[in-house]
Amino acid sequence: MDKGTIKNEKNQFRMKELEEEEMERIEREEIDEKKENERGTGMIGE
């Protein structure tokens, strides 16, 4: 493997990690919103 291929694979791996972190963060935010709504202190809307 040449350096370009190795670098490309590292970048793809990092992108995958970032996507997973983003998904987890979004899930946590959604759970937090549900808790807020259940308490009745959440945003009024939907």
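Here are some notes:
- Taking each residue of the stretch 7-24 that is surrounded by 10 or more Cβ atoms within 10 Å (Cβ to Cβ) and looking for partners that are at pLDDT below 95 with beta-carbon atoms closer than 9 Å, six or more apart or interchain, yields Glu9/Met1.
- Lys16 falls short of the stated requirement of being assigned to a helix (DSSP H, G or I), at pLDDT 90 or above and over 15 Å from the mean Cα position of the chain (by Cα).
The values are calculated or read from the model by the stated rules, or taken from the named source; none is laboratory data. None of these values were measured; they are calculated from a predicted model. Reconstructed Cβ throughout: ideal geometry from the backbone, glycine too, with neighbour counts over all protein chains shown.
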